[in-house]
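The values are calculated or read from the model by the stated rules, or taken from the named source; none is laboratory data. Given the structure is predicted, the values throughout are model-derived calculations rather than measurements. Positions of Cβ are backbone-derived with ideal geometry, glycine not excepted, and every protein chain shown enters the neighbour counts.
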């Protein structure tokens with residue numbers, strides 16, 4: 001896991017066990033036979049390969065992916081081959097393999113799922129249950145659908161700091177020098193999210209970059225893996241780092257000093273935005289039909305019910321409303337936080353220039 005332990009998301013330390021088997025809504029064969037041309041390309045193999053951002057699989061084997069993939073294999077006989085890395089890394093790998101496609105399903109954070117689509121990596125498929133996913137959390141043409149909802153956030157060390165910082169401006173204080181780190185924009189999904197949130201909170205690219213240039217004096221330096229920052233924060237090597245709610249909430253089950261917070265612009269409210277795990281079926285996938293079955297399974301009602309209980313995240317389906325202890329705690333955590341919706345089309349179009357401007361401003 002590269003964010004690893006999320007690997008991005010280090011994950012799921014929740015102790016709740018899966019009681020009962022996951023039911024695949026609508027049946028596994030409802031998505032259309034078992035002999036597509038793409039499927040025959042794989043020789044009818046009982047495998048499906050997933051390229052994913054880190055965060056949903058646990059090193060302890062008790063993450064959402066761990067539970068759902070195991071039950072999927074049990075019900076279908078299809079083995080899940082899993083490859084993990086940063087969102088941008090997974091897209092780049094799939095691009096390199098376009099002439100010899102290896103992945104069947106790709107799961108990334110925005111704006112990288114849009115980037116994958118723009119690079120012709122995805123084929124349209126609307127999984128069973130996707131009609132219950134909010135329009136903003138899926139592509140209208142069926143190229144991708146969120147499977148786990150999530151929000152961007154920061155973490156701090158609760159032992160070393162009496163309370164969480166409240167504003168971006170506080171992070172410029174000298175006490176954070178060498179004790180603050182955020183993952184690299186353009187490489188890590190959560191790192192890119194730092195740039196997205198700063199542009200929103202400061203009112204545009206230029207003021208955001210002006211701030212991040214100042215912050216660089218305290219920044220430890222680049223990190224391709226967001227999930228590696230939480231353990232450092234828990235140990236006190238860092239006081240503050242970036243992350244996301246799902247990953248960090250899951251990590252906090254085994255990291256007692258980890259607290260989650262949302263920076264505000266001085267004088268403003270704390271803000272965040274949705275940063276869902278969005279899944280798409282890879283174009284010319286070697287096991288297209290198996291990929292469809294897995295997407296159906298991940299959006300199935302029973303799998304979605306496990307998102308908070310096991311994964312520490314938020315269900316993608318609006319008709320699944322969990323009431324477990326994690327769900328209650330997550331609702332409380334998000335209370336009072338203003339949620340904005342980024343212009344993902346603009347970010348997708350201009351991401352390279354935004355990242356280049358960030359590199360120039362920070363000397364990274």
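The figures follow:
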| quantity | calculated |
| --- | --- |
| Of the criteria (1) within 30 Å of residue 185 (Cβ to Cβ); (2) assigned to a helix (DSSP H, G or I); (3) at pLDDT below 95, which one residue 91 fails | (3) |
| Residue among 186, 142 that alone is farther than 30 Å from residue 356 by Cα, within 24 Å of the chain's Cα centre (by Cα) and surrounded by fewer than 24 Cβ atoms within 10 Å (Cβ to Cβ) | 142 |
| Selected residue [touching a helix residue (DSSP H, G or I) at 6+ places or on another chain (Cβ under 7 Å) and more than 24 Å from residue 308 (Cα to Cα)] from 92, 115 | 115 |
| Per-region count, the stretch 166-192, residues over 17 Å from residue 216 (Cβ atoms) and at pLDDT 95 or above | 2 |
| Some residue of the stretch 59-67 being within 17 Å of the chain's Cα centre (by Cα), modelled with pLDDT under 85, in the same structural domain as residue 106 (by TED's automatic domain parsing) and outside any helix (DSSP H, G or I) | yes |
| Test: residue in the stretch 159-168 that is in a loop (DSSP other than H, G, I, E, B), closer than 20 Å to residue 229 by Cα, assigned by TED's automatic domain parsing to the domain that holds residue 237 and in contact with a helix residue (DSSP H, G or I) (Cβ under 8 Å, 6 or more places away or on another chain) | yes |
| Candidates 86, 55, 32, filtered to the one that is surrounded by fewer than 21 Cβ atoms within 10 Å (Cβ to Cβ), touching a helix residue (DSSP H, G or I) at 6+ places or on another chain (Cβ under 9 Å) and at pLDDT below 95 | 32 |
| Scope the stretch 103-134; condition surrounded by fewer than 24 Cβ atoms within 10 Å (Cβ to Cβ) and either on the phi > 0 side of the Ramachandran plot or in the same structural domain as residue 185 (by TED's automatic domain parsing) (or both); matching residues | 120 |
| Residue match in the stretch 145-153 (condition: within 17 Å of residue 233 (Cβ to Cβ) and at pLDDT 95 or above) | yes |
| Subset tally (residues that are part of a strand (DSSP E or B) and surrounded by 15 or more Cβ atoms within 10 Å (Cβ to Cβ)) for the stretch 310-364 | 3 |
